[in-house]
């Protein structure tokens, strides 16, 4: 595995591979790699000649109340994980390399961001599309791999690729879960013993909503209320949101007649957990997500 920190060196290397006909799979991350990231790398390894993983803690994604400096970083750990997953290149640029001066042009996302997590993080997805547009023009990937645990980000990146005609195919990868169904997250370590017992009920609540759809329920508000009640009944967590929206458009639906996302966010004492399922109109897990 080669570690590259220069944009110029990265572009030169990637251009050589592109010209030789190699397929390139790209896994963009902010580091502190975990099993979810590893699943993305495994899939990229299966489907491509060359696998590139980037590690860059993007300051543009952090709001005024979010501490960029305190975001966890562990270069040794991340390098070991990337090697284990047979990544060919680890792109590890410094912030001054990616943003050497104030930007003349800024990207703004106008749709798919005023709901779910984006509702409480204004400007966050502007930072996401900005850094990804830069990375796409540095790595030249054929495929980009993102986890469906952050399904809103997948929807926004889908729009970025479509709107700006990037010659890239988006590969959304299913959420990696613990044996009891809890979505894997670095935040899970912040749960108390009792909260860890309760946390799997978040996914059970989503499955409860899915069963309602499979039984013929098509009223979005009914499903939202039932899922909320399930979480209230089985956990001491505070609900941030439970929502059901079209996917990937992330628009409000009343009567379910299309692919949708059922998504939740729940606050525990020291952790905010998110989870979701993407379903077709009959309530089956969707296959062609975007």
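Ignoring everything except DSSP H segments at least 4 long, calculate the 222 nm mean residue ellipticity for the chain; use -39,500 (n - 2.57) per segment, divide by total residues, nearest 500.
Numbers: 9 runs with 104 residues, N = 290.
Dividing the helical sum by the residues of the chain leaves -11000 deg cm²/dmol.
Quick one: helix 75-84 against the long Cα principal axis of the chain, what's the angle to the nearest 10°, folded into 0 to 90?
Helix 75-84 sits at roughly 90 degrees to that axis.
Restricting to region 2-173, what percent of DSSP beta bridges are antiparallel, rounded to 5? Before the final figure, lay out each step's value.
Details: 0 of 19 bridges.
Among the beta bridges of region 2-173, antiparallel pairing accounts for roughly 0 percent.
What order do you get for 229, 124 when you list them from fewest to most C-beta neighbours inside 10 Å?
Values: 229 13, 124 21.
Least crowded to most crowded, the residues run 229, 124.
Which order do 185, 23 fall in if you start with the one that has the fewest other Cβ atoms within 10 Å?
Values: 185 22, 23 15.
The most exposed by this proxy come first: 23, 185.
Share of antiparallel DSSP beta bridges in the chain, in percent to the nearest 5? Spell out each step's value before the answer.
Values: 20 of 39 bridges.
Percent antiparallel among DSSP bridges in the chain is about 50.
Could you give the alpha-carbon Rg of region 2-173 over 2.2 N^0.38 Å, rounded to two decimals?
Against the compact-globule rule of thumb, the ratio is 0.99.
If you rank 18, 238 by fewest surrounding Cβ atoms within 10 Å, what's the result? Write down the numbers at each step before the final one.
Details: 18 16, 238 13.
The fewest-first ordering by Cβ neighbours comes to 238, 18.
Taking every alpha carbon pair in region 1-84, what does the distance histogram look like in 5 angstrom bins from 0, in percent?
3, 12, 21, 22, 19, 13, 7, 3, 1, 0
If one takes the longest principal axis of the Cα atoms in the chain, at what angle in degrees, from 0 to 90 and to the nearest 10, does the Cα axis of helix 7-19 lie?
The two axes meet at around 90 degrees.
As I understand it, the value is the acute angle between the Cα axis of helix 35-47 and the longest principal axis of the Cα atoms of the chain; what does it come to in degrees, rounded to 10?
It works out to around 60 degrees.
Tell me, how many Å apart are the Cα centres for region 140-205 and for region 97-137?
The two parts, judged by their Cα centres, are 18 Å apart.
Read the figures in this text as sums done on the coordinates, not as results from a lab. What you are looking at is a predicted structure, and each value in this text was computed from that prediction instead of being measured. Every residue, glycine among them, receives a Cβ derived from its backbone with ideal geometry; neighbour counts consider all protein chains shown.
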